[in-house]
1. Give me a count of the residues in region 29-58 that are within 15 Å of the chain's Cα centre (by Cα) and more than 25 Å from THR220 (Cβ to Cβ).
2. With the structure loaded, tell me whether VAL210 is under 25 Å from LEU99 (Cβ atoms), within 16 Å of ligand 3 (Cβ to nearest atom) and crowded, with 18+ Cβ neighbours inside 10 Å or whether it fails that test.
3. What are the pairs with Cβ atoms under 7 angstrom where one residue, in region 224-242, is assigned by TED's automatic domain parsing to the domain that holds THR148 and the other, located anywhere, is of a type in the set (S, T, N, Q) and not in a loop (DSSP other than H, G, I, E, B)? Sequence gap at least six, or different chains.
4. Within the set of pairs 6 or more residues apart or between chains, which connect a residue that is farther than 18 Å from LEU40 by Cβ inside region 174-200 to a residue that is of a type in the set (Asp, Glu) and surrounded by fewer than 22 Cβ atoms within 10 Å (Cβ to Cβ) with Cβ atoms less than 8 Å apart?
5. Of all the residues that make up region 84-100, how many are touching a His at 6+ places or on another chain (Cβ under 7 Å) and surrounded by fewer than 19 Cβ atoms within 10 Å (Cβ to Cβ)?
6. For region 224-247, which residues satisfy the criterion of being part of a helix (DSSP H, G or I) and either away from ligand 1 (no atom under 16 Å from the Cβ) or at pLDDT below 95 (or both)?
7. Have a look at THR103, THR129, THR81 and point out the one that is buried (at least 21 other Cβ atoms within 10 Å of the Cβ), at pLDDT 95 or above, of a type outside the set (Lys, Arg) and away from ligand 3 (no atom under 16 Å from the Cβ).
8. Pairs only if they're at least six apart or on different chains, beta carbon under 8 angstrom, first in region 84-111 and in a strand (DSSP E or B), second of a type in the set (Lys, Arg); list them, first residue then second.
Amino acid sequence: MVMTLEPPKYIFDPANLTPNDYKSGVPPVWCPGCGDYGVLASFLKAISELRIPREQLAIVSGIGCSSRFPAFVEAYGFHGTHGRALPIAAGIKMARPDLIVVTMGGDGDAFSIGMGHIPHAIRRNMDITYIVMDNEIYGLTKGQPSPTSPIGILQKASPYGTVERPLNPLQLALGCGATWVARGFSSKPKELGELIKAAIQHKGFSLLQVLSPCVTFYDTYDHFKSITKFLPAEHNPRDRTSALKYALDEQTLYMGVFYQEESEAFDAGYAAMRARVTTPNYGVREIMNKYMR
Ligand SMILES: Cc1ncc(C[n+]2csc(CCOP(=O)(O)OP(=O)(O)O)c2C)c(N)n1
Ligand code: SF4
Ligand SMILES: [Mg+2]
């Protein structure tokens, strides 16, 4: 008797996807009203519109409320250690260059403990998307100031106000030479979804800062609504100087693609280098004979 095997249920038709197809079934545990819900909804819509097969997507995070993200998406997920999402993502991308690798996390995870990894991810231009959900606070640990908190912020851990100036993530990325830099807002889900799609489609490292308020420890909804604006049409995203000018504006938090440039991603250069290494004259013994005398 010939048996016909039914395809496993987790393989689904990538031509017919909805955001719900990417829900893992694990209900998000964020506080009601947390901006991260908006980011999740925009993300699910973006990946369904890009028709990314679930087995082609890897989501990597560190630690924080926002870093719980991989649990809620039906894809490969890696909830890593605090600040180490980028090196984990880089390792995954090196081992499986065919995967779409998206790193998610918070401002603390990215710009405090994880800060050392960012300039290197940028200069390598690995094909990784980094979505930083910036609530200007450490949410998970109950409201300590983060590197993006404004000066003077009053919190339990800073009862007399902080004296440190905030870091500007877009200035950092542009200054390090990033090939794709943008800012979105969780309360603008349609535009945020488009930014997520563009970030994933960019060949190289993309940094998307998403303003995503923490309603419990530092509710910035009204502030962000009053200070955000889309980049004007005359801004040319291929002009790094113009991008920096808008990134440095302290009166307005501009949203949109600040900068984009097509240049060789790490993966392509690395593959070409490997092809040179594996030629017969470059076996381990030959290399040792040549260089290790
Ligand atoms: C090595 C280490 N140091 C400190 C912590 C404590 N810790 C967990 S999450 C976090 C900050 C999270 O802030 P952020 O990345 O902004 O995420 P949010 O919760 O705001 O989304 C800290 C300090 C930890 N888990 N591991
Ligand atoms: S503590 Fe803040 S960041 Fe964390 S889930 Fe609640 S609202 Fe969101
Ligand atoms: Mg945070």
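The values are calculated or read from the model by the stated rules, or taken from the named source; none is laboratory data. This structure is a prediction, so every number in the text was calculated from the model and none was measured. So basically every Cβ, Gly included, is an ideal-geometry build from the backbone, and we count neighbours across all protein chains shown.
1. Residues that pass the stated criteria total 3.
2. So VAL210 passes the test.
3. What qualifies is HIS235/SER242; ASN236/SER242; PRO237/GLN260; ARG238/GLN260.
4. That search, which allows pairs on different chains as well, returns THR179/GLU261; THR179/GLU262; TRP180/GLU261.
5. Of the residues in that region, 1 qualify.
6. First pass over region 224-247, keeping only residues part of a helix (DSSP H, G or I): 224-227, 240-247.
Matches in region 224-247: LYS225, SER226, ILE227, ARG240, THR241, SER242, ALA243, LEU244, LYS245, TYR246, ALA247.
7. Working: THR103 fails: away from ligand 3 (no atom under 16 Å from the Cβ); THR81 fails: buried (at least 21 other Cβ atoms within 10 Å of the Cβ).
From the options THR103, THR129, THR81, the qualifying one is THR129.
8. Short answer, once both residue conditions are applied: VAL101/LYS93.
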